[in-house]
Amino acid sequence: MSQPDKRTLLAEGLAAGEDDAALHTRLVGAGVSAATAKYEVDRLARDPMAAMLRRQAARMAKQGWLLANQQRLAFEADGGFALDTLADPAPDFFYRHHYETNRPAKLTGIVDHWAALTRWSLDHLAAIAGDAIVEAQVERERDPDYELAKDDHRRLVRFAELIDWLRKDEASNDIYLTAYNSGNNAAALAPLWDDMAPIALLEQRDRDGFFWLGPKGTLTPWHHDLTNNLLVQVIGRKRVRMAPPWAFARMRNSRHCFSDWGNEALPAGEGDAASPPVLETIIGPGEAIFLPVGWWHQVEALDLSASMSFTSFRRSNAHAEDYASYGTL
């Protein structure tokens, strides 16, 4: 029987903030003799790496306390932990009370002037761009890591063929034209932008935004974005679940910006010691959701769905530039 790696056990305990007694118990519990465990723990007093691990664990504990206070404030707010719905908000109000405070909101009335709300249908999409060659994410259902491995699922298809498949109205997560495909699709689907118009909350940019199209049943698993995002629904409905950044410890983040909760339908509510607090809403045609940077979210199409997403806010949205943990976490 192999001996336990004492240094690994000690490092794990130090990172968790354990004191000497707890470290001793950890070692003995793993099969180390009591005398050897005492010797190893006593040596830590002279180990600068152990001292730094203990200091880092104390810093993490303080960060946990600060985040716990954010939760207390959210739960004790007027109306409790809830998602605001804003009807055609004034830009100054939206930026002061939501963008600058990192608070999500459901928005209505901000795209009522879009012709897309009445024009967009599968027939219309086929008529104006059916011959275009577009890029989509395909064969997602065979790969549990389809979001992390997006490049492996990129395929070129004729837009009319994709639309014909969507006409079957079958629930599927196997094919989805997403924002990740926009590098190819923005030019191919340029006529669609003639059915849109500037949104008062955003900077006015030519041919702005990212197009999404897929059947009912598409799922974007739990993750956080590296920018603030505005998701606008044009056709069909999407269910959006959100969890706050201050619930980080319960979001099971082990890889990049993805959560190990995956496609789990975490229930709306205040959560518990193991599961995060969750806000849930459904957005339909003409409605939008503001997803602040760092907020975890999962998106599920309840119908055949066409959406637009935007990052062109009137404030700096360059949060990815100092994102340094990629590849480590």
Nearest 10 degrees, 0 to 90: what angle lies between the long axis of helix 20-29 and the longest principal axis of the chain (Cα atoms)? 90
Of the beta bridges DSSP finds with both residues in the chain, what % are antiparallel, to the nearest 5? 90
Over the Cα atoms of segment 80-150, how large are the radius of gyration and the largest Cα-Cα distance (Dmax), in Å? 18.8, 50
Suppose the chain between Glu280 and Thr85 were pulled fully straight at 0.36 nm per residue; how much longer would it get relative to their current alpha carbon spacing? 69.0 nm
Fully extended, how many nm does the chain gain between Asn184 and Arg154 (0.36 nm per residue separation, minus their Cα-Cα distance)? 9.7 nm
Subtract the Cα-Cα distance of Arg96 and Ala171 from 0.36 nm times their separation in residues, and report this length gain in nm to one decimal. 23.0 nm
Considering only the other residues whose Cβ falls under 15 Å of the Cβ of Tyr323, what net charge follows from Lys and Arg at +1 and Asp and Glu at -1? -2
Local charge sum around Ala132 (other residues, Cβ-Cβ under 12 Å, Lys/Arg +1, Asp/Glu -1)? -2
With an 8 Å cut-off on Cα pairs and a minimum separation of 6 or more residues, tell me the relative contact order of the chain in percent. 19
Label segment 6-74 by shape, choosing from rounded, prolate and oblate, from the square roots a ≥ b ≥ c of the eigenvalues of the Cα gyration tensor; if a/c is under 1.5 it is rounded, and otherwise prolate applies when a/b is larger than b/c, oblate when it is not. prolate
First select every other residue whose beta carbon is under 13 angstrom from the beta carbon of Phe258; then total the charges, Lys and Arg +1, Asp and Glu -1. -2
If packing is taken as the average count of other Cβ atoms within 10 Å, what order do 254-262, 162-170 fall into, highest mean first? 254-262, 162-170
Among the aspartates and glutamates, which fall within straight-line cross-link reach of Lys216, defined as a Cα-Cα distance under 12 Å, with same-chain neighbours fewer than 8 residues apart omitted? Asp169, Glu170, Asp174, Glu300, Asp303
Over segment 6-74, what is the mean sequence separation of C-alpha contacts under 8 Å (at least six apart), divided by residue count, expressed as relative contact order in percent? 35
Tilt of helix 6-15 relative to the longest C-alpha principal axis of the chain, in degrees (0 to 90, nearest 10)? 60
Ala324 paired with Ala45, simple spin-label distance in nm, labels 7 Å along Cα-to-beta-carbon: 3.4
Positive-end residue of Phe81, Tyr323, Ala243, charge dipole of the chain with Cβ unit charges: Tyr323
If R0 is 30 Å, what FRET efficiency do you get for Asp131 and Arg207 from their C-beta distance, rounded to 0.05? 0.95
For segment 235-323 the mean separation of alpha carbon contacts under 8 Å (6+ apart) over residue count, i.e. relative contact order in percent, is 45
Taking segment 1-138 as the region of interest, what is the percent of Cα-Cα pairs per 10 angstrom bin, listed from the shortest bin to the one with the maximum distance? 9, 20, 14, 14, 15, 14, 11, 3
Each label point is 7 Å from the Cα along the Cα-to-Cβ direction; what then is the distance between the points at Asp260 and Leu302, in nm? 3.1
Please find the FRET efficiency linking Leu73 to Asp143, where r is the Cβ-Cβ separation and R0 is fixed at 41 Å, and quote it to the nearest 0.05. 0.55
Computed from the beta carbon distance with a Förster radius of 51 Å, FRET efficiency for Ala197 and Ser33 to the nearest 0.05 stands at 0.10
Which value in Å does the Kirkwood hydrodynamic radius of the chain take, with 1/r averaged over all unlike C-alpha pairs and then inverted? 22.5
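Here, each number is a calculation from the coordinates, and none is a lab measurement. In this text the structure is predicted, and so the values were computed from the model without any measurement. A quick note on method: Cβ atoms are made from the backbone with ideal geometry, for glycine too, and the neighbour counts reach across all protein chains shown.
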